[in-house]
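*Asks:* Pasting a structure here, questions to come.
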Amino acid sequence: MIEIAKIVKPQGIKGEVKALPSTNVLSVFNVLTEALVGNKTMQIQHISIRQGFLYIKFDGVNSRNDAELLRNQVIKIDKKLLEEAKDEDDFLVDDLIGMVIFDEKGSLVGQIIEIVNYGASDIVIVEKEGRNYEIPFVEGVFSSKEGNLVANSKRLEEVMI
């Protein structure tokens, strides 16, 4: 099971919840019919995405009080569903941790040890020779080549912290 969202609060009075997605593979929400919420499998009536948040209505959650009981619960699904929904060039965080990154010239950039998000974008934390570097996962820095990430050395110099 892999985490795809966290419920932040009830939404309205009819049992809908507002959740923050923790995946960039948003297409998975178009096909999702059930998910593990906390430790309970729940059926999904509908999901919509607005302004970066998910609005989810679960079967059996029919009031604001019912939805309140789900506050701060993590939503998980089978990793296979996420892999099927992602594009060929997309990566899952689980797949990136431990990956060794090279630039287009073949020079070692480092090994990914963690990915964090401070709000603006994902930050890839790379370890090289005992030192950690933070690299924003923004357009133009990384590309996909044969199932691996390749760093653009010029863009890397501009953004690496």
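*Asks:* Filter the range 122-155 down to residues that are loosely packed, with under 13 Cβ neighbours inside 10 Å and not in a strand (DSSP E or B), then give me how many there are.
*Replies:* 7
*Asks:* I've got another one for you. Evaluate the range 61-75: report whether one residue or more is assigned to a strand (DSSP E or B) and either under 15 Å from K6 (Cβ atoms) or in contact with a strand residue (DSSP E or B) (Cβ under 6 Å, 6 or more places away or on another chain) (or both).
*Replies:* Checking the range 61-75: at least one residue is assigned to a strand (DSSP E or B) and either under 15 Å from K6 (Cβ atoms) or in contact with a strand residue (DSSP E or B) (Cβ under 6 Å, 6 or more places away or on another chain) (or both).
*Asks:* Name the pairs whose Cβ atoms lie under 6 Å apart, with the first residue in the range 121-132 and over 18 Å from D95 (Cβ atoms), the second surrounded by 13 or more Cβ atoms within 10 Å (Cβ to Cβ) and of a type in the set (V, I, T), and 6 or more positions between them or separate chains?
*Replies:* Listed by first residue and then by second, the contacts come to S121/V138; N132/I125.
*Asks:* Looking at the range 22-60 only, could you name the residues that are farther than 19 Å from D122 by Cβ, among the hydrophobic types (A, V, I, L, M, F, W, C) and either touching a strand residue (DSSP E or B) at 6+ places or on another chain (Cβ under 9 Å) or without any contact (Cβ under 8 Å) to a residue 12 or more places away in the chain (or both)?
*Replies:* L32, A35, L36, V37, M42, I44, I47, I56, F58
*Asks:* Failed condition for A5, given (1) in contact with a helix residue (DSSP H, G or I) (Cβ under 9 Å, 6 or more places away or on another chain); (2) within 30 Å of E158 (Cβ to Cβ), with all others met?
*Replies:* So the condition that A5 fails would be (2).
*Asks:* Identify all residues within the range 13-56 that are over 18 Å from the mean Cα position of the chain (by Cα), in a loop (DSSP other than H, G, I, E, B) and either surrounded by fewer than 13 Cβ atoms within 10 Å (Cβ to Cβ) or among the polar types (S, T, N, Q) (or both); write none if there are none.
*Replies:* Scanning the range 13-56 gives I13, T33, N39.
*Asks:* Here's another thing I want to ask about it. Just name the residue that is surrounded by the most Cβ atoms within 10 Å (Cβ to Cβ) out of those in the range 94-121 that are among the charged types (D, E, K, R) and over 18 Å from the mean Cα position of the chain (by Cα).
*Replies:* Filtering first and then ranking leaves D103.
*Asks:* Take the range 12-21 and flag every residue that is within 16 Å of F53 (Cβ to Cβ) and touching a residue at least 40 places away in the same chain (Cβ under 8 Å).
*Replies:* G12, E16, V17, A19
Read-outs: derived from the displayed coordinates by stated rules, not from any lab. Given the structure is predicted, the values throughout are model-derived calculations rather than measurements. Virtual Cβ from ideal backbone geometry, glycine too; neighbours counted across all protein chains shown.
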